[in-house]
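Just below is one structure, and these are the notes that go with it.
The values are calculated or read from the model by the stated rules, or taken from the named source; none is laboratory data. Nothing here was measured: the structure is a model prediction, and the numbers come from that model. Neighbour counts run over all protein chains shown; Cβ positions are idealised from the backbone, glycine included. Heads up: the accessible areas ignore ligands, DNA and RNA and are worked out on the full protein's heavy atoms, side chains in. Shrake-Rupley method; radii C 1.70, N 1.55, O 1.52, S 1.80 Å.
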Amino acid sequence: MKFREIVESPCGIRYLFDELGLQSGYARKVLLDREMMVDPDRIDAAYASLRKYFDLVLSDRRRVEDMRFRLQGLRDISGTLASLAGGATLDEIEFFEIKHLAMLAQSLSMGTELETVIDILDPDGLRIGTFYLYDSYSVALRQLRDAVEQDPDDSQLQEDLANEEDRLKKVISDKLRPYAASLQQTLRELADLDISLAQAIQMHVEGLILPSSGSATTITGMFHPGVRAALRAKGREFQPVDFAFERGVPATVIGANMGGKTVALKTLCMLQYLYQFGFGLPAVSAVMTPFDEIRFCIGDEQDEKTGLSSFAAEMQRIDRAVAVVEKGGKVLLLVDEPARTTNPVEGTALVAALLQRLADKPNLALVMTTHYTVEHAGQCWRVQGLLPGTKGRRMDYRLVRTASHEVPHEALNIARELGIDAQWIDLADTIMKRQYE
Amino acid sequence: MPFVGEILRHRSVSIVGLAKNAGKTECLNYIIRRLPVEYFNVAVTSIGIDGETTDQVTGTAKPEITVREGMFFATSEKHFRQKRPLSELYDVGDEDTALGRVVTAKALQEGKVLLSGPSSGAALKRWMRSLKDFGIDLILIDGALSRLSTASPAISEAMVLSTGAAYSANIRDLVGKTAFVVELIRLPLFTGPEPALRVSSFSSLDPGLLKGNRVIEVEGALTDRLLQMVKNGLGEGEIELVVGDFTKVFCSQELYRAFVRRGGRISVRLKSELIAVCVNPVAPNGIVLDSDILCQELSAKIGLPVYDIVKNEYEI
């Protein structure tokens, strides 16, 4: 799974990608092409490296900004380097690109073995980042250039000059060829540096943290950066939430409407992706564990575009996820209110059955939000819900473990808070009470 | 040496033509020939694909730009590889266009180049900013054919306008049309107070609102339809329309005059300085106008010297 494939995920990771201050288009491309990490050792190594850059951001911001300014000059010359490795004769534009890359790396104390490359492309030892076929490449070149300048209309001289230039381009290309792999690696390292610095600065700006790896997931104070930004624009704050889950123990999240269940699920999904792509996490602390597959089942507007009813799209999405679980790899499955668009009788049955179907899967971590009361052997979390009597913040979004799987009946109270037609809600209240008596 | 001294007082100058074959390229070459490039770092580029060897529409020969030793120029990879004097590469851009990336180089000897620089106004501005490390004193921009947008003061400080028989084959008509463009270039700067009403297009304008608002900000283009609506809803008294700059005005001369007669006025947020007007009395279809009469009449109408640089080959 590449970053490119999850950047539009409904979990909203796009926000952090957009806010990432990458300096070069090439780094953006490299990041989008990055594969999701599944090996905890690799992830830990990535975070060890990010910690270094984060420390640098805190200790020497000036140096970081200087490095980022230089990285604006990073260009994708992988095509040129592939031509070089493939035996082609390069031209001035391509020599310029290579010299530019080597000097950029040198200015960032990287690619020290590229000193020879710079020597080849800087025969006069000027150490400036420009390039042309310097007169000093050959005596013949200088003499022919002088001759053509004296007699610009002599076509034989012009041809001789062109031939000498072509010969030199081949000589220079051959000299550079042994460094093609080294240049490729430097190019890649510079893109990685651009990404790491941008991630480290984002950690500082958004208040992100470095997680540790463990066998289960425990997060405190998680928040959704995109939702937080939208709330802040309206003068409100995001209430951080704690959550924990592990493989083999299904978890359901129940709670009032507007209680933040879906946002919590999106945040969990985003944290998991961020962890497996080595970004800082929006939380106070986090112990994370990698999965081979992350599946997020949530209705989105894409369903309407494909012409499927929301029920059909949802059922098919969960069906595909179940098939993935059956394959046996480590899977994180996040399902937002399954069967919510159908009647509560069949809906409850579908949800209860899905939990049974996915019971006893030791490699599966399942987190599901629902409005239905379903008993299961796993854990149940509940949104704190409406705080009685308080003005201002009326909803407490925190999630708490609960023994009862009975969903709270707060929809009518919330509707009243929203100022919905009182006669309607009072009638609903009467009907409810009659049913329960 | 007409108007070259004026050019050196600015950091960026666009050369724009009112029509194809209005003599824009000759005008640019004239300026380049007379610039003291020994003392000033000059960079030249064009916007869009205006560097073809033959004019794509009429097939007439399109002269190349002659850059002088020490001058910077920006063109596409394709045209850089095709034709250039010995040049030192300074930058290869990041944005891909149909003709490849934009290459910035310094000519190490005099020679001809095909100019095809950044492909949009925004890309052009980014390129201009990227030059600041090279110590450039003056940037010349070869505006795209019949596209005045390059001359927007948001991009360049000053402009040279070229017009000619290709724009109109009748002297009176040519003078009238050119003078109208000059009039728009000279629209006064907006001085306040800040308008309470902003409109972006004729469809978003509620005619009822015109009654209480005498100063209206036009966001984007001022079209004939929008101006017509304002004029019709004007009633009595003065009204002022505020536009970004003269390149946002796309209305006919007749309608503009009618608007002004009713007490209307247009002002701009940013103003471009018009340095000179050059004429080319020869049209691609063979019509040749009397150069002296053309220069005299246009000059009298706009109150600015007008030059036929091809015919007169002014002394350096």
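Quick look at the values:
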| read-out | value |
| --- | --- |
| Radius 15 Å from Cβ of residue A:331, net charge of other residues (Lys, Arg +1; Asp, Glu -1) | +2 |
| Across chain A: Cys residues that no other cysteine approaches within a C-beta distance under 4.7 Å | A:297, A:380 |
| For segment B:84-136 versus segment B:151-225, the gap between their alpha-carbon centres in whole angstrom | 31 |
| Computed P(r) (all Cα pairs; chain A; 20 Å bins; percent) | 21, 41, 23, 12, 3, 0 |
| Leading residue at positive end of dipole, chain A (Cβ point charges), from A:203, A:333, A:400 | A:400 |
| Amide H contacts of residue A:297 (H built 1.01 Å from N, under 5 Å, at least 5 apart or other chain) | A:334, A:335, A:336 |
| Given charges at Cβ of Lys, Arg, Asp, Glu: chain B dipole, positive-most of B:166, B:135, B:255 | B:255 |
| Relative contact order computed over chain B (Cα-Cα under 8 Å; 6+ residues apart), in percent | 22 |
| Within 10 Å of each Cβ in B:84-92, the average number of Cβ atoms from other chains | 6 |
| Chain A - percent relative contact order, Cα under 8 Å, separation 6 or more | 17 |
| Share antiparallel - DSSP beta bridges, the protein assembly as shown, percent rounded to 5 | 35 |
| Accessible-area ranking of B:149, A:9, A:215, largest first, probe 1.4 Å | A:215, B:149, A:9 |
| Most to least accessible of A:412, B:140 (protein chains only, probe 1.4 Å) | A:412, B:140 |
| Phi-based couplings in Hz for segment A:17-24 (Karplus 6.51, -1.76, 1.60; Gly and Pro marked x) | 5, 5, 7, 6, x, 5, 8, 10 |
| Set B:83/B:132; A:29/B:271; B:112/B:177 screened for pairs whose C-alpha atoms are more than 29 Å apart | A:29/B:271; B:112/B:177 |
| Rg [Å, one decimal], Dmax [Å, integer] - segment A:208-406, C-alpha atoms | 16.7, 50 |
| Choice from B:158, B:123, B:107 showing the highest fluctuation, given a GNM over chain B with Cα pairs closer than 10 Å | B:123 |
| Lysine pairs within segment A:208-406, Cα separation less than 29 Å, 8 or more sequence positions apart or different chains | 15 |
| Considering only chain B, percent of DSSP beta bridges that pair antiparallel, nearest 5 | 30 |
| Loop GluC sites (Glu not before Pro), segment A:311-410, which have at most 16 other Cβ atoms in a 10 Å radius of their Cβ (DSSP) | A:375, A:406 |
| Protein heavy-atom accessible area occluded, A/B pair - total, 1.4 Å probe, Å² | 1400 |
| Stretch gain in nm, segment residue A:159-residue A:34, where the contour uses 0.36 nm per residue and the Cα spacing is subtracted | 40.2 nm |
| Sites excluded, trypsin sites (Lys or Arg not before Pro) in DSSP loops with at most 13 other C-beta within 10 Å, longest stretch of chain A | A:237-390 |
| For chain A, calculated [θ]222 nm from helices alone, where every DSSP H run of n ≥ 4 adds -39500 (n - 2.57) | -16000 deg cm²/dmol |
| Signed unit charges on C-beta, dipole axis of chain B, positive-most listed residue B:86, B:40, B:99 | B:99 |
| Cα-derived Rg over Rh, computed across the protein assembly as shown with Rh taken as Kirkwood radius | 1.08 |
| Segment A:169-257 - accessible surface per residue (Å², probe 1.4 Å) | 38 |
| Accessible area of residue B:83 in the full protein assembly, 1.4 Å probe (Å², nearest 10) | 80 |
| Spatial separation of Cα centroids for segment A:60-91 and segment A:312-338, in angstrom | 42 |
| J(HN,Hα) series, segment A:359-370, from Karplus relation 6.51 cos²θ - 1.76 cosθ + 1.60, nearest Hz, glycine and proline x | 6, 6, 10, x, 9, 9, 10, 10, 10, 9, 9, 7 |
| Computed magnitude of the charge dipole of segment A:208-406 (debye, nearest 20; Cβ of K, R +1, Cβ of D, E -1) | 700 |
| Sum of side-chain charges, residue A:367 neighbourhood, beta-carbon under 15 Å (Lys, Arg +1; Asp, Glu -1) | +3 |
| Surface accessible to a 1.4 Å probe, residue B:27 within the full protein complex, Å² | 0 |
| Directionally averaged projected area (convex hull, Cα atoms, segment A:1-206), nm² | 14.7 |
| Residue among B:223, B:75, B:163 with the largest mean-square fluctuation in a Gaussian network model of chain B, springs linking Cα atoms under 10 Å | B:223 |
| Where only alpha carbons of chain B are counted, the Rg and the Dmax (Å) | 20.7, 65 |
| Cβ-placed point charges (K, R +1; D, E -1), dipole of the protein assembly as shown about Cα centre in debye, nearest 20 | 2260 |
| Which of A:153, A:91, B:142 is most accessible, then next, and so on - probe 1.4 Å | A:153, A:91, B:142 |
| Amide H within-cut-off set for residue B:307, under 5 Å, with H built and near neighbours excluded | B:277, B:278, B:279 |
